[in-house]
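Q: This structure is in structure tokens; I'll ask about it shortly.
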């Protein structure tokens, strides 16, 4: 995947878009992909992405805390003792974020083929489509209708996460943030809305959902402000998209 990305950044017609924008392209492939060894950039990206993900999951986190399951949930996740945990919490976040955020998003953004807004919207479509291969097995075991509903929900969830990950990747400029958020979301899983609505402390949990979503929306842009993230090339990418 790296070779096409490098060609997209360094070969025609990219220099034309970059030149028209008056910006300098990334100094290296690692910098373009957001994997350059820059500890501060990695730290700020990770902190912002995890804080936003935690805000979005404030409702489920509160639900787990009330049921005294919060510590055990993360304790089990941190104890990587089987191949499924290794896949879900380490390998999948690293591989998928590298492929769909670092490579696909980077290629779209630096090529000048679309604006950053279009890039954030379009790149997760590939991420969501990559999960459609489960349809055949689900149709065999659950039936056509159920398989369609499950795959549709999975596509919507993965695409929504992809929008968030693509946005934070482009805004913060480092892949560590999206990888950390991806691992966190895999640990949390889908929110248990039915359990929340039927809980004895429904008001507290639902209130946490509302507060968390509000905090996520309010903090999305400030937390990813490029001025806080030394690895960010957001302003350059915006200029390239406008000049294309």
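The values are calculated or read from the model by the stated rules, or taken from the named source; none is laboratory data. If you're wondering where the values come from, they're calculated on a predicted model, not measured in any experiment. Here the Cβ is made from the backbone with ideal geometry for all residues, glycine too, and neighbour counts use every protein chain on show.
Q: How many residues, within the range 156-200, are in a helix (DSSP H, G or I) and closer than 17 Å to residue 60 by Cβ?
A: Of the residues in that region, 17 qualify.
Q: Further question: Whether any residue in the range 163-174 is surrounded by fewer than 20 Cβ atoms within 10 Å (Cβ to Cβ), farther than 22 Å from residue 30 by Cβ and touching a helix residue (DSSP H, G or I) at 6+ places or on another chain (Cβ under 8 Å) is what I want to check. I'd like the intermediate steps shown before the answer.
A: So the first thing to find is which residues in the range 163-174 are surrounded by fewer than 20 Cβ atoms within 10 Å (Cβ to Cβ), and the list is 163.
Checking the rest, the ones that are also farther than 22 Å from residue 30 by Cβ come to 163.
Okay, now just the ones that are also touching a helix residue (DSSP H, G or I) at 6+ places or on another chain (Cβ under 8 Å), so 163.
Yes, there is a match, as at least one residue in the range 163-174 is surrounded by fewer than 20 Cβ atoms within 10 Å (Cβ to Cβ), farther than 22 Å from residue 30 by Cβ and touching a helix residue (DSSP H, G or I) at 6+ places or on another chain (Cβ under 8 Å).
Q: Select the helices (runs of 4 or more DSSP H) contained entirely in the range 1-108, then report the ones holding at least 1 residues which are modelled with pLDDT of 90 or more and more than 19 Å from residue 167 (Cβ to Cβ).
A: On the way: elements: 2-10, 14-21, 29-33, 39-56, 58-66, 70-78, 83-86, 92-96.
Per the criteria, 39-56, 58-66, 70-78, 83-86, 92-96.
Q: If you check every pair at least six apart or on different chains, which have Cβ atoms under 7 Å apart with a residue in the range 17-38 that is on the phi > 0 side of the Ramachandran plot first and a residue that is assigned to a loop (DSSP other than H, G, I, E, B) second?
A: 34/173; 34/174; 34/175; 34/231
Q: Show the residue pairs meeting these rules: Cβ distance below 6 Å; 6+ apart or different chains; first residue within the range 122-146 and on the phi < 0 side of the Ramachandran plot and without any contact (Cβ under 8 Å) to a residue 24 or more places away in the chain; second residue surrounded by 12 or more Cβ atoms within 10 Å (Cβ to Cβ) and part of a helix (DSSP H, G or I).
A: Every condition considered, the pairs that remain are 135/147; 135/151; 138/147; 138/150; 139/147.
Q: Just one of 128, 177, 75 is under 19 Å from the mean Cα position of the chain (by Cα) and under 30 Å from residue 65 (Cα atoms); which is it?
A: Going through 128, 177, 75 in turn, the sole match is 177.
Q: Please go through the range 190-244 and pick out each residue that is within 16 Å of residue 52 (Cβ to Cβ), modelled with pLDDT of 95 or more and crowded, with 19+ Cβ neighbours inside 10 Å.
A: 208, 209, 212, 216, 223, 224, 229
Q: Looking at (1) exposed (fewer than 15 other Cβ atoms within 10 Å of the Cβ); (2) within 15 Å of the chain's Cα centre (by Cα), can you tell me which one residue 68 breaks?
A: Among (1) exposed (fewer than 15 other Cβ atoms within 10 Å of the Cβ); (2) within 15 Å of the chain's Cα centre (by Cα), residue 68 violates only (2).
Q: Please verify whether residue 120 is modelled with pLDDT of 75 or more and under 22 Å from residue 178 (Cβ atoms), treating the condition exactly as stated.
A: So residue 120 passes the test.
Q: Out of (1) at pLDDT 85 or above; (2) in contact with a helix residue (DSSP H, G or I) (Cβ under 7 Å, 6 or more places away or on another chain); (3) surrounded by fewer than 18 Cβ atoms within 10 Å (Cβ to Cβ), the odd one out for residue 181 is which?
A: Going through (1) at pLDDT 85 or above; (2) in contact with a helix residue (DSSP H, G or I) (Cβ under 7 Å, 6 or more places away or on another chain); (3) surrounded by fewer than 18 Cβ atoms within 10 Å (Cβ to Cβ) one by one, residue 181 breaks only (3).
Q: Tell me yes or no: at least one residue of the range 109-116 is surrounded by 15 or more Cβ atoms within 10 Å (Cβ to Cβ), closer than 14 Å to residue 160 by Cα, within 19 Å of the chain's Cα centre (by Cα) and touching a residue at least 24 places away in the same chain (Cβ under 8 Å). Walk me through how you get there before you give the answer.
A: Step one: filter the range 109-116 for residues surrounded by 15 or more Cβ atoms within 10 Å (Cβ to Cβ), giving 109-116.
After this cut, where a residue has to be closer than 14 Å to residue 160 by Cα as well, the list is none.
No, that holds for no residue.
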